[in-house]
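We did not get these values from a lab; they are worked out from the coordinates using the rules stated. What you are looking at is a predicted structure, and each value in this text was computed from that prediction instead of being measured. A quick note on method: Cβ atoms are made from the backbone with ideal geometry, for glycine too, and the neighbour counts reach across all protein chains shown.
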Amino acid sequence: MEKDREIIEAMLGMVYEKARSVYSENIVDYGTNPTHYGAITDPDGYASVTGT
C-alpha cells in the first residue's frame, strides 16, 4: 500500500511538472485549488441537461 502511494505521488509530480512547463503558475494553481467551486446558496435560475 505504501509503495502504491509513492507511485501515485511520483506520477502526480510528473504531471504537475509538465503542467507548469505548459501553463502559467496561476492556471496550475487554479486547477489544483479552484476558488469558485461548490453549491450555490441561493440560486435564482435553473438548468436542464439534454441529449446523450
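Our helix-only sum for the chain, with -39,500 (n - 2.57) per DSSP H run of n ≥ 4 divided by its residues, gives a mean residue ellipticity at 222 nm of -18000 deg cm²/dmol. MET11: net charge of surrounding residues, Cβ under 12 Å, Lys/Arg +1, Asp/Glu -1, itself excluded? Residues near MET11 contribute -2 overall.
3J(HN,Hα) along segment 14-23: 5, 5, 5, 4, 5, 4, 5, 7, 9, 10 Hz, from the Karplus curve 6.51 cos²θ - 1.76 cosθ + 1.60 with θ = phi - 60°, whole Hz, x for Gly and Pro.
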